[in-house]
1. Accessible area of F111, 1.4 Å probe, to the nearest 10 Å²?
2. Quick one: divide the alpha-carbon radius of gyration of segment 188-300 by 2.2 N^0.38 Å and tell me what you get.
3. Modelled label-to-label distance, S64 and R411, 7 Å Cα→beta-carbon offset: nm?
4. Please give the FRET efficiency for S378 paired with L221, using the beta carbon to beta carbon distance and R0 = 60 Å, rounded to the nearest 0.05.
5. Give the accessible surface of segment 375-456 per residue, rounded to a whole number of Å², with probe radius 1.4 Å and ligands, DNA and RNA excluded.
6. Computed FRET efficiency, Cβ-Cβ of D451 and L265, R0 60 Å: what is it to the nearest 0.05?
7. Give me the percent of the accessible area of the chain that comes from carbon and sulfur atoms, probe 1.4 Å, all protein chains in place.
8. Over all directions, how big on average is the projection of the convex hull of the alpha-carbon atoms in the chain, in square nanometres?
Amino acid sequence: MDSLKTSGAIEQAPAGERHGLTGQRGKRPGWMLASLLGGMFLGNVDIAVVNVAIPSIREDLHASGGELELIVSGYTLAYAMLLITGARLGEIRGRRWTYLVGLVVFTLSSFACGLAPNSPALVGSRVVQGIGAALMVSQVLTIIQVHFDGAARRRALGAYTGVLGVSSVIGQALGGVLVSADIMGTGWRPIFLINVPIGVALIAASYAFLPDNETLRHKKLDGSGVVLLSLGLFLLVTPLVLGPHAGWPLWSWLCLAASLPVFALFARVERGIARRAGDPLMNVALLARKHVALALVSQAATRAGYFALLFVLALYLQQGLGRSAVYSGLIPIAWVATFALVGPVLGRAGARARMLAAPVGGLLMAFSFAAVAAGAQSTGWLIILLGIGGIGYGAAFSGTLAHLTESVEARHASDVSGLFNTTLQVGGTLGVAVFGTVYLNLVARGGVPADAFSTTNAALAVMSVAAAVLVLFAEKATPNRPRVAGR
């Protein structure tokens, strides 16, 4: 089917979710998708936009090193911790309602960030901003999976991938442009204030075009699950974000170790709630499906490779080769630009191409990393190889996303959305922490930066091959893979 879900969605969705699928808003899929992707765009831009503004913030607010860390990471922590909870909340309270609340919170907190009089106020506003981003971004993939089908869903997922890539480019570039412009002497503040008029426009569009709330009001939010999952993610993500800069102190290792039993307890509690026919926060039984677990691990690995590359490349170009910040900021655009192109193209491809996209994409990433490791590090070669790597990551990302949305029932859409988005955040953070530490340790021990860069890229190549193998196994392990258009 090449349009919004109608009867197909109603058959697959739980009874409580049937309302509104064929309502007036559901007849405008283009505007609905634009409203959704606009919120996701804002949420992802604000992950990166603040990085280039840190020197200006430090000078203006006299922020300490710890405060600067929290200004950057407070948003990421809140964002990562609440994606799964946000997806479930959307199912219970209504996805349109939750998305709008998240967008309002994000817009108001962006205004507060832009007017923050001191560092603590900016840290607090950034945390609230991350909460708003999690609430709205966690609804995007779920609404696409529930309200689109067939070729329309593939095109929507292609646009999803494209916007994700474009937002990364704009986030890097926009921060530098706005800070350099110093509009009316406001310095760094416009990087947050620009969200306000965009957010207001998106609130109006989302209110008008998103489908009516489909709720499961007989369900309740699993409070114990929220607490345990949030605690586990906090213990996992905090040391990954702050540990490398602090030199991996004892507390960071203790937090990582403590996260394991917390996650185990969370899984046990959720299984118990499900056995009692309750309403668990997350359907952990999905992770017992081999094709889901393998696909998520593969996506975490490719995401880790991407974020690790951006981090290590910037260090190598600026500290190792003495290149300017502008140069090191422009070089990765080749990767991000080609990544943004793959999703829309793959969305129009046949079923076999979609099935092979993820493993082939992992191998293309491995080729790119391996060639850099072998010494192809001139400006021309870096642009070419990063472009190839971006194609590979775009294929791996889009192929894995298509695999998950096509192989998991629509009634689990919120679980898929929460798991996938959380995997992206944790995977990226893990990549920076692990491979950034590898590179910095090699240089600190007296190694030549070029050799350290080559060694790190060789490790990334090995990991990319492993990711390709994992997602290939995930494809083969898919039970009763549904027929789709083009197969």
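The values are calculated or read from the model by the stated rules, or taken from the named source; none is laboratory data. Since the structure is predicted, the reported quantities are computational estimates derived from the model, not experimental observations. With ideal geometry, Cβ positions are generated from the backbone for all residues, glycine too; neighbour counts draw on all protein chains shown. The protein model used for the area step is the full one, side chains on, heavy atoms only, and it has no ligands, DNA or RNA in it. Shrake-Rupley method; radii C 1.70, N 1.55, O 1.52, S 1.80 Å.
1. Approximately 100 Å² of F111 is accessible to the 1.4 Å probe.
2. Working: Rg = 19.5 Å, N = 113, 2.2 N^0.38 = 13.3 Å.
So segment 188-300 has a normalised radius of gyration of 1.47.
3. The answer from the label model is 5.3 nm.
4. Values: r = 54 Å, r/R0 = 0.90.
It comes out at approximately 0.65.
5. Working: 2490 Å² over 82 residues.
Per-residue value: 30 Å².
6. Numbers: r = 44 Å, r/R0 = 0.73.
My answer for the efficiency is 0.85.
7. Details: 12930 of 19010 Å².
Roughly 68 percent, rounded to a whole number.
8. Values: hull surface 85.3 nm².
Mean orientational projected area (the chain, Cα hull): 21.3 nm².
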